[in-house]
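The structure appears below as structure tokens.
What follows draws every value from the coordinates through simple rules; no lab data is involved. In this text, all values refer to a predicted model and were calculated from it rather than measured experimentally. Positions of Cβ are backbone-derived with ideal geometry, glycine not excepted, and every protein chain shown enters the neighbour counts.
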Amino acid sequence: MVKLTGALFFLVDATFPWGIEVPSADSFAAIILPRAQHVVSYHIVVKGAGWAGIPGGASTRFAAGDILVLPHGDPYSMLSRPGQPPEYDRDATLLFFREMAAGRLPFVIEEGGGGLERAQFVCGFLGCDIRPFNPVLSALPSLLHVKRREATPEGLLDRLVELTLAEARTRRAGADCMRLRLSELMFVEVVRRYLESLPQGQRGWLSGLLDPTVGRVLSLLHEQPARPWTLQALAEESAVSRAVLAERFAHLVGCPPMQYLTLWRMQIAARRLADGGMKVAAAAHEVGYESEAAFSRAFKKVTGVPPARWRSHQTPAISSSPASWITRRERAR
């Protein structure tokens, strides 16, 4: 569901004291990944420790083996000690991004004051789709901290990190494709780990996946989006009453099942229109609409623009769409 459209990463080798202040992704997305709708930042800690935080939130200590993900593009800082002035402030960071994107910097970046304490971490930036509807990103917290599993053998994520570092240090044909696929696999594994760590009773789309009833319905809607679903049909498939399904689905996911189906259909159609130049009538049929006019009305209601305009890549920001409403609601939680 999180379709990656680009990836950039590098390794930081830092000595105490070190620190960086990263502005919101909107301010640097056009510099490092100009074709991306949205940029997700992530950091994989190879050795050492430090502190990360976003404005208005408490600092979080991270250590070797941990992973930090900023899925919503919020500004953040990474410091060797909480409260210290960053070596790279906002303007210095933007200049650094310009140099990195232009290919004028090495893969390994050295920074810091030359002290004995060292830290190494991979800094990664993923370009991805977010419009018109991306329930995965909207379900993640502003700062996702995945801690290393203690007393466990090397896992999939460790091997993916090793492969990523090895691939990045060599310049071979197909490097961009490898970087993209490895980044995508790492992102999937991070979300998996976060899903496994969710406490009982938490709300959100990911919690819905873990619920037997809601998870079953989500699977049905995703696997057969064009089927003429009704609330009654979904209830029968999940072996509960309509009332129980409607209440439980809205409680966990944040909207009724049929509204979710509409949003998911529009996400599929938007991707088909943008990627392959599919005709509007064909996109409508693929997601279960017999009438092109009805599909166009639903599409415009969700995205703010007609499907033909979306296909021509002339889409404005959609701050008032239902998808954005769900994102804001999940962040507020």
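Quick look at the values:
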quantity: Per-residue HN-Hα couplings for segment 47-58 [Karplus 6.51, -1.76, 1.60; θ = phi - 60°; Hz; x = Gly/Pro]; calculated: 8, x, 8, x, 10, 10, x, 10, x, x, x, 6
quantity: Net length gained if the chain between residue 250 and residue 308 were fully extended (0.36 nm per residue, minus Cα distance); calculated: 17.7 nm
quantity: Sorted by Cβ neighbour density within 10 Å, fewest at the top, the residues 255, 177, 128; calculated: 177, 255, 128
quantity: Lys pairs, the chain - Cα-Cα below 25 angstrom, 8 or more residues apart or on other chains; calculated: 7
quantity: Per DSSP, loop trypsin sites (Lys or Arg not before Pro) in segment 83-150 with at most 10 further Cβ within 10 Å; calculated: 104
quantity: Helix-only mean residue ellipticity at 222 nm for the chain, each DSSP H run of n ≥ 4 adding -39500 (n - 2.57), per residue, nearest 500; calculated: -13500 deg cm²/dmol
quantity: Length gained when the stretch residue 120-residue 5 is fully extended (0.36 nm per residue, less Cα-Cα span); calculated: 38.8 nm
quantity: Over the chain, relative contact order from alpha-carbon pairs under 8 Å, at least 6 apart, %; calculated: 19 percent
quantity: Residue 91-residue 136 FRET efficiency (beta carbon distance; Förster radius 51 Å; 0.05 resolution); calculated: 0.95
quantity: Estimated FRET transfer efficiency (residue 30, residue 177; beta-carbon r; R0 22 Å; 0.05); calculated: 0.45
quantity: Under-5 Å amide H pairs with residue 288, H placed in peptide plane, nonlocal only; calculated: none
quantity: Cα centroid separation, segment 221-299 to segment 161-196 (Å); calculated: 32 Å
quantity: 205, 51 arranged by Cβ crowding within 10 Å, fewest neighbours leading; calculated: 51, 205
quantity: Nitroxide proxy distance, nm - points 7 Å out along Cα→Cβ at residue 47 and residue 243; calculated: 6.3 nm
